[in-house]
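Right, one structure below, let's go through it.
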Amino acid sequence: MKELLDLYLAFLKIGAVNFGGGYAMLPLLEEDLNKKRGWVTTEELMDYFAIGQCTPGIIALNVSTFIGNKKRGVAGALAATLGFLTCPIIIILIIATCLTNFAHLAIVQNAFAGIRVCVCVLILEAVIRLWKKSIVDIKTLTMYILIFAVMLFKGSLPFNIPAALLVILAGIAGILLRGQSDAEKIKEGQEK
């Protein structure tokens, strides 16, 4: 029961300060759950984010559920999910109740402008961390450039490639490239 409470409280804290969506949450998760608690590795976090991007729902919520499931199965998934949802639901209810009365105020608009800047920085930090862990050789750099180009020019292309399809194709490419690399290592080992 203590582990379930720990999961709930850990994700309650993260949910309370998670502004900007899933990628903005990556530095918080890495600091708290990886470095402090040792619940997940950085590689596991990257995998959870990749899967969370491909599955229905909110990335941050999906990642919370995956981590809770890793720690304590279905009960852990529920504890982490509920922990993550508690503060945002309360905050959203308060904001929804009050926003229409205060949204026009300059101080509120300025606060939102400041929050947007902070969220951009948090997302940029997450992108840099993902880059360092993901772009490890010329093959992954090539894959990155190709996918980036498709996304950059998708409005100009005569066809639309859904982001989910790109993720699936990248997964297949990763399997093929990794399999080829593993086969080369095995062959080198046999020759020695």
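Checking the stated criteria, Leu177 turns out to be in a helix (DSSP H, G or I), outside the structural domain of Ala50 (by TED's automatic domain parsing) and farther than 30 Å from Asn18 by Cα. Examine the range 77-89 for a residue that is farther than 23 Å from Tyr23 by Cβ, surrounded by 10 or more Cβ atoms within 10 Å (Cβ to Cβ) and under 23 Å from the mean Cα position of the chain (by Cα), and state whether such a residue exists. Yes, the range 77-89 contains a residue that is farther than 23 Å from Tyr23 by Cβ, surrounded by 10 or more Cβ atoms within 10 Å (Cβ to Cβ) and under 23 Å from the mean Cα position of the chain (by Cα). The numbered conditions (1) modelled with pLDDT of 95 or more; (2) in contact with a Leu (Cβ under 8 Å, 6 or more places away or on another chain) are all true for Leu78 except (2). The set of residues in the range 33-67 being crowded, with 17+ Cβ neighbours inside 10 Å and more than 15 Å from the chain's Cα centre (by Cα) consists of Trp39 alone.
Got a sec? Which of Gly83, Gly15, Gly73 is on the phi > 0 side of the Ramachandran plot and either out of contact with any helix residue (DSSP H, G or I) (no Cβ under 7 Å at 6 or more places or on another chain) or not assigned by TED's automatic domain parsing to the domain that holds Ala164 (or both)?
On the way: Gly83 fails: on the phi > 0 side of the Ramachandran plot; Gly15 fails: on the phi > 0 side of the Ramachandran plot.
Going through Gly83, Gly15, Gly73 in turn, the sole match is Gly73.
The values are calculated or read from the model by the stated rules, or taken from the named source; none is laboratory data. Keep in mind the model is a prediction, meaning the values are calculated, not measured. Heads up, the Cβs are rebuilt from the backbone with ideal geometry, glycines too, and the neighbour counts pull from every protein chain shown.
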